[in-house]
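The values are calculated or read from the model by the stated rules, or taken from the named source; none is laboratory data. Keep in mind that what you see is a predicted model, and the values were worked out from it rather than measured. Heads up, the Cβs are rebuilt from the backbone with ideal geometry, glycines too, and the neighbour counts pull from every protein chain shown. SASA here: full protein model, heavy atoms, side chains in, ligands and nucleic acids out. Shrake-Rupley method; radii C 1.70, N 1.55, O 1.52, S 1.80 Å.
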Amino acid sequence: MTRTDLSRGVHTTPRRKVLISGAGVAGPALAFWLNRYGFAVTVVEKAGTPRDGGYPIDVRGTALEVVRRMGILPRLQDAHIDLRRLTFLDGDGSEVASVNPHAVTGGVAGQDLEVRRGDLTGALYAAVRDDVEFLFNDSIETLDQSGHGVDVTFRGGSRRTFDMVVGADGLHSRTRELLFGPEERFHRYLGYCFAVFTMRNTLGLSHETMMWNTPGRAAALYAVGDNDEVHAFLNFAHPEPPFDAFRNPEAQRDLVAAVFADAGWEVPGMIAAMRDADDLFFDGVSQIRMPRWSSGRVALVGDAAYAPSFLTGQGSSLALVGAYMLAASLADRDHASGFAAYEHNTREFVTVNQEQVGEGGATLFPTTARALEQRNDMLRKLSTMPSAEGRPAHSALTLPEFLPMT
């Protein structure tokens, strides 16, 4: 456990105590801003340490202003991957088109950032670790709002009371389940599953992605630099969520191997590497859609409340913006009016970004031969066009100004 309690000013009233579940992106970002507004913040995380590594993620649009205001933009700029080429391959491994990545993602060259997920979470943790309490190797077991606060029982056995609790614990949020019920009520499956892992860079790729497609299947190798390893990505259409496989790593490997059994290009080597990978991550491509993001003194932020899916490329950006907006909404309000303001001022931005599943990323994974050929025609045209100006959805929210404590 890391604990430091440094006040940023003299407070005449007791500091409101907030527990945040999850030390990924949304959790530390929210902790940073709540601490600046004078709250006493505790973050509980089931992992033993902040998680490093991980696949590359994007920070775009309004989220860039959030990290600038946090003072971590220079660190993230130093960690920027600078992907320079995205090459699409046909089923036989022949090249379809080679394009500027921003032409597909809707990003803005020279402004938007792409970093390893661990570089972002590491920067967020470093920005807040000396000012808030972190409880690692623990998680929330029960929540009880029957009193004047939230009585929390932790899995490790301890009990504490907080003025508010915020679930920032991801797509499969335990906090959301305790508060609103089973995930199935809010889980919008988008018809795909994916597996990501690292493997040897046998093709000598550098700052580029190569993506192979047949109808309903995609395999990609993603080189973030001149490294000996690449991120491998296998995506496939699946009509129903394979719930049994979600909890069984061997079943995940068997399912992916079966789907790609007759695939060409480098896919057989990817499947072999997946069998031995110790960092395999498998999940369904899904969104979380909720009619409300809070109940009583407990609220949700980031993927726990409004996961947009990787097809939008906006998961981390929504988490950063949502955390900023939630903290700003609570700064001078009680929990009820603060949570209401957070939802009122943020939901339109969330919705317009969740709707991006119909653009960009979603069109990269056609499920029929005709749709694949249409996509390939589009890519050939893109390869002769200048890069995109950026999608309006990415910057569709103006942040309120931060109000410093006096």
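Electrostatic tally near residue 201: other residues with Cβ closer than 12 Å to its Cβ, Lys and Arg +1, Asp and Glu -1, net -4.
Using all pairs of distinct alpha-carbon atoms, the Kirkwood hydrodynamic radius of region 15-112 works out to 16.5 angstrom. The calculated 222 nm mean residue ellipticity attributable to helices in the chain amounts to -9500 deg cm²/dmol, summing -39500 (n - 2.57) over DSSP H runs of n ≥ 4 and dividing by all residues.
Over region 201-331, what is the mean sequence separation of C-alpha contacts under 8 Å (at least six apart), divided by residue count, expressed as relative contact order in percent? Computed value for region 201-331: 13 percent relative contact order. Measuring nothing but protein heavy atoms, the accessible surface of the chain at 1.4 Å probe radius is 48 percent carbon and sulfur. 3J(HN,Hα) along region 285-296, derived from phi through the Karplus expression 6.51 cos²θ - 1.76 cosθ + 1.60 where θ = phi - 60°, amounts to 8, 8, 10, 10, 10, 10, x, 8, 10, 8, 8, x Hz, with x in place of Gly and Pro.
With R₀ set to 45 Å, the beta-carbon distance separating residue 49 from residue 381 gives a calculated FRET efficiency near 0.45.
3J(HN,Hα) along region 199-216: 8, 5, 8, 6, 9, x, 6, 8, 6, 7, 10, 10, 10, 9, 9, 10, x, x Hz, from the Karplus curve 6.51 cos²θ - 1.76 cosθ + 1.60 with θ = phi - 60°, whole Hz, x for Gly and Pro.
Here's how it looks for residue 16: its modeled amide H is under 5 Å from those of 40, which are all 5 or more places away or on a different chain. Estimated at 0.36 nm per residue, the fully extended path between residue 155 and residue 355 surpasses their Cα-Cα distance by 68.3 nm.
Other residues lying with their Cβ under 13 Å from the Cβ of residue 161 contribute a combined charge of +2, Lys and Arg counting +1, Asp and Glu -1.
One Cα centroid belongs to region 275-353, the other to region 163-180; the line between them spans 11 Å.
Rounded to the nearest whole Hz, the Karplus-based 3J(HN,Hα) values (6.51 cos²θ - 1.76 cosθ + 1.60, θ = phi - 60°) of region 233-242 follow the sequence 9, 10, 10, 8, 6, 8, x, 10, x, x, with x at glycine and proline. Protection proxy ranking, highest mean first, for peptides 229-239, 312-322: 312-322, 229-239, where packing is the per-residue count of other beta-carbon atoms within 10 Å, averaged.
Taking amide H as placed 1.01 Å from N in the peptide plane, residue 307 has its amide H under 5 Å from the amide H of 288, each at least 5 places away in sequence or on another chain. Here the relative contact order of the chain, from alpha carbon pairs under 8 Å that lie six or more residues apart, stands at 23 percent. Using Cα centres only, tell me the gap between region 61-139 and region 214-270 in whole Å. Centre-to-centre (Cα) distance: 22 Å. Over all other residues within a Cβ to Cβ distance under 10 Å of residue 46, the charged ones net out to -1, with Lys and Arg as +1 and Asp and Glu as -1. Counting only protein heavy atoms and a 1.4 Å probe, the chain has 43 square angstrom of accessible area per residue.
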